[in-house]
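These notes concern the structure reproduced below.
Each value in this text was obtained by applying a stated rule to the coordinates, not by laboratory testing. Computed from a prediction, not measured in an experiment: that's the story for all the values here. Note: ideal-geometry Cβ built from the backbone for every residue, glycine included; neighbour counts use all protein chains shown.
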Amino acid sequence: DLSSGINAEYGGLSGEAITEEGHFWVGMDISPSMLDIAVEREVEGDVVLSDIGEGVPFRAGVFDGVVSISVLQWLCNADKVSHNPFKRLRRFFTMLYSSMRQGGRAVFQLYPESPKQMELITEQATRCGFTGGVVVDYPHSTKAKKIFLCLFAGVPVTGLQMPQGLGEGGMTDSGTVQYGSERQTGKKRKRGEISKKEWIQNKKQRRRVQGKEVTADSKY
């Protein structure tokens with residue numbers, strides 16, 4: 001559950017889910033084809049073609065939350081002679097920290113190649129001012145296992161805690177075994193709870209607020 005406000009999304013096409021929760025968002029991806037798909041779908045957020053290893057080009061304190069799907073581990077690779085994983089991770093986390101409000105939350109779902117790579121990522125995030133840790137869902141399952149790096153920009157807001165790992169043996173970074181069957185989130189709004197006309201009108205209004213062109217409302 002993200003705080004109300006503006007959120008950043010890296011990789012994938014999770015922006016639609018963020019829109020459904022009533023948030024504004026900006027998406028970044030290194031792949032032009034992925035951004036083309038987002039544009040074709042007429043997503044509500046803004047999209048930016050960018051390599052996050054070069055940093056996050058936004059003003060200080062603009063984001064309330066960050067979501068990333070299967071992106072962070074790629075910063076550990078040296079795909080070019082000029083790529084230095086340590087420097088790319090440090091540049092990303094330094095600029096990300098600056099672009100988030102204090103207490104803001106960032107969740108990275110990732111696939112580290114090894115514990116050493118996970119340690120490298122976590123260490124760089126901590127050095128840049130983030131707090132938090134690693135959460136693992138279904139750690140004993142080869143198919144369902146998911147690893148999340150859950151961070152707070154500085155000191156977390158009072159009352160916020162690290163989520164529990166799902167499934168028997170789900171773990172947090174502290175090594176304490178937690179048990180759970182579902183993750184607690186904010187109240188989700190379903191499209192079926194409002195009429196199609198109301199849903200379209202709400203979507204148009206969000207686009208007007210973003211300064212985008214919108215077709216005139218029909219009496220039908």
Apply the Karplus curve 6.51 cos²θ - 1.76 cosθ + 1.60, θ = phi - 60°, to the phi angles in segment 134-145 and return the couplings in whole Hz, x for Gly and Pro. 9, 10, 10, 8, 6, x, 9, 9, 6, 9, 8, 4
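In debye, nearest 20, what is the charge dipole magnitude of segment 78-125 about its Cα centre with +1 on Lys and Arg Cβ and -1 on Asp and Glu Cβ, if you could check?
Working: 8 positive and 4 negative charges, 51 e Å.
Value, rounded to 20: 240 debye.
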What fraction, in whole percent, of alpha-carbon pairs in segment 26-85 exceed 19 Å separation? 39
For residue 47, distant residues with modelled amide H under 5 Å away: 27
Where Rh denotes the Kirkwood radius from the mean inverse Cα pair distance, what is Rg over Rh for segment 5-135? 0.95
Shape call, segment 69-120: gyration tensor on alpha carbons, a/c limit 1.5: oblate
Packing-based order for 31-40, 16-25, using average beta carbon neighbours within 10 Å, highest first: 16-25, 31-40
Past the 28 Å Cα-Cα mark, which pairs from 87/143; 116/145; 80/145? 87/143; 80/145
